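**Q** Dropping the structure in here first, questions after.
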Amino acid sequence: MRLHHLALIIGLATAAELKAQGAVSPGYPPPGRLIDIGGRKLHLNCSGTGSPTVILVGGGGAYSIDWALIQARLDSTTRVCSYDRAGSAWSDAGPADETVEQTIADLHRLLREAGEPGPYLLVGASIGGIFIRAYQHTFPEDVAGLVFSNSSHKIGKFVPGKSGLLWDLSEADVRSAYPLPPSVTRGPAPTRVGEPFDRLPPELQAIRLRFELRRWETWDRTKAGPESDLSWRKEFLREFEERCSGAEHPLGAIPLIVVSGDPKPAQLEPPRLEDGSCRREDAGDGLDLLSSNSLYLVAAGSGHEIHLYQPAVLTKALIRGVLAIRTRTSLAGVSERP
């Protein structure tokens, strides 16, 4: 995606910092269920009926309640579930929070234990895009379709002596950033819910502010480590190689929708360089090329969180995906329900 999205993503807490903050239980009852996945519980909130089940996967620092505007619009069409990853909101922390490996294993176990059968239409916002891609790679039989909402690989990181995109840094570079130096502080305590989360209903804003305050209170830089950064880097590189595999459409004809705040690039560079190595541009720009059955839709003028800035646009895209899967019709052959 474009550079303004990069700046927004860099402004989020790093995955390692999120892990260090641990679980935050705000003292509010969860809207969904707490599901035991083997000695710890994750929060899952499902509503509606019908197939496929839409699974909403948030970006860095996101909560299940951030999907409220989408879930309320979509659950009259099909079954839809939002959830909190380990160590976030009502969900217990795990041994390796925010790593790709734990995240997709947790989600798979969560859906099984909760009795939410597939097939699934997975929706990934921002960094959530790598989680849904990794899930589809690991459990392809469960996944009927994919939707990427402003998904990007442009995750910036500062390491001693330089800064760069996570997938351009070496493992040694990433490890050198830890332990976090004393200059890395938690900043001032949050006192209000900022944009775009102020678009949520007032009661959810209050809960979100409490989440953020507890996260601030429990943040400990000494507990931050490189595990999640290294996991993301590994997944980014795997996805680059997938695109460079030589297959015209590596994911075949799976329904795949890209919803972006930016216009589709007029022309993409070939995935491989002249020396045969894999080109590491932002693979988010070529997500629609992964499948022969894809759509690229533009949420013109949207901020990074399309599900909050333009929920109607994203909901229409999801309904289109649901109907394509349900009727086994090409995405080009269906439109959103009026």
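The values are calculated or read from the model by the stated rules, or taken from the named source; none is laboratory data. Bear in mind the structure is a predicted one, so any value in this text is a computation, not a measurement. Glycine gets a Cβ as well: all are built from the backbone with ideal geometry, and neighbour counts include every protein chain shown.
**Q** Please count how many residues of region 107-138 are in contact (Cβ under 8 Å) with a residue 12 or more places away in the chain, farther than 20 Å from residue 324 by Cα, of a type outside the set (A, V, I, L, M) and surrounded by fewer than 23 Cβ atoms within 10 Å (Cβ to Cβ).
**A** Residues that pass the stated criteria total 6.
**Q** Would you mention how many residues in region 282-329 are surrounded by fewer than 16 Cβ atoms within 10 Å (Cβ to Cβ) and within 21 Å of residue 167 (Cα to Cα)?
**A** 0
**Q** Sticking with this one: Read through the list (1) within 18 Å of residue 152 (Cβ to Cβ); (2) in contact with a helix residue (DSSP H, G or I) (Cβ under 7 Å, 6 or more places away or on another chain), then give the number of the only condition that residue 309 fails.
**A** (2)
**Q** Continuing with the same structure: State which residue is surrounded by the fewest Cβ atoms within 10 Å (Cβ to Cβ) when the search covers only region 60-77 and only residues that are touching a strand residue (DSSP E or B) at 6+ places or on another chain (Cβ under 6 Å) and either polar (S, T, N, Q) or without any contact (Cβ under 8 Å) to a residue 24 or more places away in the chain (or both).
**A** 71
**Q** For region 73-164, please list each of the strands (runs of 3 or more DSSP E) lying entirely inside it that holds at least 3 residues being closer than 18 Å to residue 231 by Cβ.
**A** So the answer is 156-159.
**Q** Let me ask another. Kindly list the number of the only condition in (1) touching a residue at least 60 places away in the same chain (Cβ under 8 Å); (2) farther than 30 Å from residue 294 by Cα that fails for residue 163.
**A** (1)
**Q** If you don't mind, there's one more thing I want to ask. Can you name the condition, by its number, that residue 280 falls short on among (1) under 30 Å from residue 196 (Cα atoms); (2) charged (D, E, K, R); (3) in contact with a Phe, Trp or Tyr (Cβ under 9 Å, 6 or more places away or on another chain); (4) in a loop (DSSP other than H, G, I, E, B)?
**A** (1)
**Q** Checking residue 186 against (1) charged (D, E, K, R); (2) out of contact with any helix residue (DSSP H, G or I) (no Cβ under 9 Å at 6 or more places or on another chain); (3) part of a loop (DSSP other than H, G, I, E, B): exactly one of these is not met. Which one?
**A** (2)
**Q** Residues in region 139-152 that are more than 11 Å from the chain's Cα centre (by Cα) and buried (at least 24 other Cβ atoms within 10 Å of the Cβ): how many?
**A** Qualifying residue count for the region: 2.
**Q** Looking at (1) within 22 Å of the chain's Cα centre (by Cα); (2) more than 30 Å from residue 282 (Cβ to Cβ), which is the only condition residue 218 fails?
**A** Here residue 218 meets the rest and fails (1).
**Q** I'd like to verify a number: residues in region 166-180 that are free of Cβ contacts under 8 Å to residues at least 24 places away in the same chain and either small (Gly, Ala, Ser) or in a loop (DSSP other than H, G, I, E, B) (or both), how many?
**A** Number satisfying all stated conditions: 3.
**Q** Is it true that residue 155 is closer than 22 Å to residue 278 by Cα and in contact (Cβ under 8 Å) with a residue 60 or more places away in the chain?
**A** So residue 155 passes the test.
**Q** Does region 24-38 hold any residues that are in a loop (DSSP other than H, G, I, E, B) and either at pLDDT 90 or above or farther than 12 Å from residue 84 by Cα (or both), and which are they?
**A** Within region 24-38, 26, 27, 28, 29, 30, 31, 32, 37, 38 qualify.
**Q** Does region 211-228 hold any residues that are surrounded by fewer than 17 Cβ atoms within 10 Å (Cβ to Cβ) and either of a type in the set (Val, Ile, Thr) or within 19 Å of residue 160 (Cα to Cα) (or both), and which are they?
**A** Selection gives 218, 222, 223.
**Q** Which condition breaks for residue 245 when tested against (1) out of contact with any strand residue (DSSP E or B) (no Cβ under 7 Å at 6 or more places or on another chain); (2) touching a residue at least 12 places away in the same chain (Cβ under 8 Å); (3) exposed (fewer than 13 other Cβ atoms within 10 Å of the Cβ)?
**A** (2)
**Q** A further question follows. How about region 142-166: which of its residues are of a type in the set (D, E, K, R) and at pLDDT 95 or above?
**A** 142
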